[in-house]
Amino acid sequence: MLQQLRNVLFQLIILGFAAPLPADVFLDQVGYPAVSPKYVFVSEAADSFFLKDAATNNTLYRNQLSLFIANDPATGLTLYRGDFSDFQAPGEYYIEADGSGVSHPFAIRDSVYLEVYKKALKGFYFQRCGMDLVGPYAAPYYRSQCHLADGFYHSTTGQTGFRLTTGGWHDAGDYGKYTVNAGISVGTLLMAYEEFPDRFARDDLNIPGSGNGIPDILDEVRYQLEWLLKMRDPGDGGVYFKVTRENFAPYIMPANDTATRYIYEKSSTAAGDFAAMLARAFRVYLPFDSLFAQDCLSAAESAWSYLAAHPSIVPPGGFHNPPGTNTGEYGDGDDRDERLWAAAELFISTGNSQYHNYYISHYTQQGLISGQMGWPNVQVMAHLAYLRGQQAGINSAIQNALRNSLTNYCQGLHNLGNGSGFHAAMVPNDYYWGSNAVLLNRAILLIFGFEESGETALRDAALDQLHYILGANAHNLCFITGTGELSPLHPHHRPSIADGIVDPIPGLLAGGPNKYLNDPILQANFTSSTPAALCYIDHQESYASNEIAINWNAPLVFVSGYFSTPDPFMGLILPGENFPESLILDQNYPNPFNGSTVIRFHLPFRDQITLQIFDQLGRRVFEENMGMMPAGAHRVVWDGTSGRGEPLASGIYYYLLRAGTTSQARKMVYLR
Ligand SMILES: [Ca+2]
Ligand SMILES: [Ca+2]
Ligand SMILES: [Zn+2]
């Protein structure tokens, strides 16, 4: 509607009428949790803004707009900002700036990002290779199975013939499958679940496995893990780099893409990423399917053996496409970070000192936490595994150093966001290929910074990055297909182009602005003097700004899922009843459990906390005095042992949390 209005005005201007263009009013098109900071940005000077009910157009709230930033370096815009944080009534609204512009509609309510999370995770289902996507799950985007002849050994492997490597996810807008990019993607998704199981427990995504009692995120990731297990050479534990054609397919449906696909040579970056994600998969899947978990761990350990037998990067200089092959290269000449990540995850999963010693002797090689992770740079994934991991003998001094580097880095991101248009924690040079995922990976680190420090400004900065993705950006665009009022219609994504359906497949994150103009469409539309964050176009040929990719959707799943429940704001101090009125004790996750389980609780005020665990006969088998704890959300991990470290028997237990003079109890099931 706004676009139509603008077109009318544009024509009036062409015809010589002196009508001003309406100001752009930028905000998150999905919306805001009721109790959270809320800002609107306006690109023309105006004194105030009005929050209006979307159904009645009644003004429910007004506040001032003030100059926020002049000539924002990333966008070239001068932006005015309005604060509506203290408007908390659930509903559907829009904002009108003094005089002219109106925003896209948005909602205020708890769990406002739940649908974003579900769509983003289901986006992976739509990337599945080697199976029919059937109507009940996929309509109207159902399609036939593809790439059932994956794959034939490429001559670079030194092997000949066929090896079954069907399944897994198409990597991006193309139909290739790449082990390295699977690494950061699967690693991020499994980290989301392992760290915050209660927020990623949904079993209702309408994918195969929905309703089976296992969180759908684990059903979906398992589809990729089962492909990955086919990518390993059982002979030496090494892992093949990719399965692709020699050249990218034309814009055809995957079932019509019948050119020969090849398995390319093994690489040490692939082996390192593989070992890391499969080691984490062991921990995550153990309570659900211990045989599968053991398969993952033994594959991870054999990949480590391969790395140990090949101490220099394989192939020399890192993987490069051989002559005649032009699909994704994922070139990375430094495999030290992949080895470090493998060591950290294997140590947390096994406690084995060889992995621990490797991590301890190499963890400083590329610095601690001073930048976001990405597919070629996974040292931060190693550090997060070590910082957040629980394992006997873990070095708390190293954890403290990691924590300090994390919180320092996050403080810098927070400051950067506070001084940048739309609160994007980015400098102009950060708007490179996949910039939307750069923002979201920074949001993940801000989330961990918040979790480690309790500093709510870091949580708010993390949410600001999601607001940017969902519409608070210079394009006034929600960058996720099928989400918000205005979103990309022409992603560089072969099924969306070839399926004959107007709307693209939903839930897919566009790469985002790219000031380096790495494709001809960007070069035709922008120049080196275009502000960095403006270099984006919703065009199917703009693979460098409008492609989609699994490693971009993964941090979207993490961040939207993290904020999909009210939990992150339980401790937020704003006017109103933000803390619970009384003690809340959550159901433990996972439950039943094997190994360890997370118990979360929420305190209305600072209090003395004790956790006790009783068996079915009422005998107290565990007690921990946790001292005084502040108001807000907390978590404690119980490893199924008595206070003296003795493992307890399988069975039903009751956990009781005492907060001062109050207490609550719940039941859990321990399966050894
Ligand atoms: Ca499920
Ligand atoms: Ca690397
Ligand atoms: Zn396929």
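Nothing in this text is a laboratory measurement; each read-out follows from the coordinates by a stated rule. All values derive from a computational prediction rather than experimental measurement. In this analysis, Cβ positions are derived from the backbone assuming ideal geometry, glycine residues included, and neighbour counts consider all displayed protein chains.
Tabulated data
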quantity	calculated
Helical contribution to [θ] at 222 nm, DSSP H n ≥ 4, -39,500 (n - 2.57), averaged over the chain, rounded to 500	-10000 deg cm²/dmol
Assigned charges on the beta-carbon of Lys, Arg, Asp, Glu; region 584-670 dipole about Cα centre (debye)	140 debye
Selection from T260, L656, L617, by position along the positive dipole direction of the chain (Cβ)	L617
Whole-Hz ³J(HN,Hα) from phi, Karplus 6.51 cos²θ - 1.76 cosθ + 1.60, for region 300-308, glycine and proline x	5, 5, 6, 5, 5, 4, 4, 5, 5
Local electrostatic count at I313 - Lys and Arg +1, Asp and Glu -1, tallied over other residues with Cβ under 14 Å	-4
Amide proton proximity set for R606, modelled H, under 5 Å, gap of 5+	A631
3J(HN,Hα) from dihedral phi, region 166-177, Karplus parametrisation 6.51/-1.76/1.60, rounded to Hz, x for glycine, proline	6, x, x, 9, 4, 6, 6, x, 9, 10, x, 9
Overall dimensions of region 325-448 by Cα: Rg and Dmax, Å	15.8, 47
D (Stokes-Einstein, µm²/s), Kirkwood Cα radius, region 483-540, 0.692 mPa s at 37 °C	263 µm²/s
For region 584-670, Kirkwood radius (reciprocal of mean inverse C-alpha pair distance, Å)	13.0 Å
Under-5 Å amide H pairs with R62, H placed in peptide plane, nonlocal only	L51
Ellipsoid equivalent to the chain - semi-axes via the Cα gyration tensor, in Å	39, 35, 22
Peptide ranges 139-147, 583-591, 37-45 listed from the most packed, as the mean C-beta count within 10 angstrom indicates	37-45, 583-591, 139-147
Test item: Cα-centred dipole of the chain, Lys/Arg +1 and Asp/Glu -1 on Cβ, debye	940 debye
Protection proxy ranking, peptides 236-243, 609-616, 261-268, average beta carbon neighbours within 10 Å, highest first	236-243, 261-268, 609-616
Among N551, A55, I95 - extreme Cα towards positive end, dipole of the chain, charges at beta-carbon	N551
Y262 long-range amide H proximity, modeled H, under 5 Å	F152, T244, R245
Magnitude of the charge dipole, region 88-203, Cβ model with Lys/Arg +1 and Asp/Glu -1, debye to 20	500 debye
Integer Hz, Karplus 6.51/-1.76/1.60 couplings in order for region 541-554, x for Gly and Pro	8, 7, 5, 8, 9, 10, 7, 10, 7, 5, 6, 9, 5, 5
